[in-house]
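Written out below as structure tokens is the structure these notes cover.
Here, each number is a calculation from the coordinates, and none is a lab measurement. These numbers were taken from a predicted model, which means no experiment stands behind them. Heads up, the Cβs are rebuilt from the backbone with ideal geometry, glycines too, and the neighbour counts pull from every protein chain shown.
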Amino acid sequence: MREYCDYCHNEEDVKIVNKDEVYPVYGDEIPVKAQVMVCMHCGNELYSRTLDSQTLKKVYDIYRRKHKLLFPNEIKAIREQYCLSQRAFSKLLNWGDKTIVRYENGSLQDYVHNALLLFLRNPVHMEEYLQMNENSLNPKDRDLLFKRIKELCKQNNTDEVGKFTDTLKNFQIVYSSDYEIMEREYHTASANSNESQTVLFHISGEYLISGACDRGMNNESSIKEDNILNIAA
Ligand SMILES: [Zn+2]
């Protein structure tokens, strides 16, 4: 392989060698195993745009992992889950036209942008955000986004129910002080639901799924272990 060498002022044989380098990124120092091009005649290192951008990509990936930043494909996935174009997404976020394009193509995002993207990954948050920033999108895009958010929320709920039903199949009831809360929430929920409807209980950060039992529950009855296990079976 031959390239023009700035030191020899001539086209010379070159080789690619591995080199340990340290790149400063946002005040942090990132060590990286880089590949560089060296002139075989004078031994000097020559600039290679291709190798340089490969190294930079490695550096950013290390930095992202270290600081738990989103990767470009994750950023793209967040936008795409809302079926938004890059342009519409930029408008919604109030970012410059090309910002999202750069991030999706590998530029390193800043922390504030990263935090906003992480927050908006959750459709419930996106809905709140959109309500506060309705005017940043044209009416058509805005309506489509609201519709898409609803779909995603519904989809997530369905996933949750499936996940927790599976958990319950092997679930062993542990009697605890949470029991009372569970019972109270059950009666609150069942007051407004028909008997076959599925009811979600939120207990100490964990969900239990139960149906309003087919054997019927009155105010005097309490949730019994076999009632809950029945429903899961
Ligand atoms: Zn040279």
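Shape class for the range 78-117, computed from the alpha carbon gyration tensor (a ≥ b ≥ c): rounded, with a/c under 1.5. Within the shell defined by Cβ-Cβ distances under 15 Å, the residues around Asn133 carry a net charge of -3, with Lys and Arg each +1 and Asp and Glu each -1.
In terms of its C-alpha gyration tensor, the range 2-67 comes out prolate, because a/c is 1.5 or above and the ratio a/b outweighs b/c. Other residues with beta-carbon under 13 Å from the beta-carbon of Glu80 carry, at +1 per Lys or Arg and -1 per Asp or Glu, a net charge of +2.
What does the charge count around Glu12 come to, taking other residues whose C-beta lies under 15 Å from its C-beta (Lys +1, Arg +1, Asp -1, Glu -1)? Net charge around Glu12: -3.
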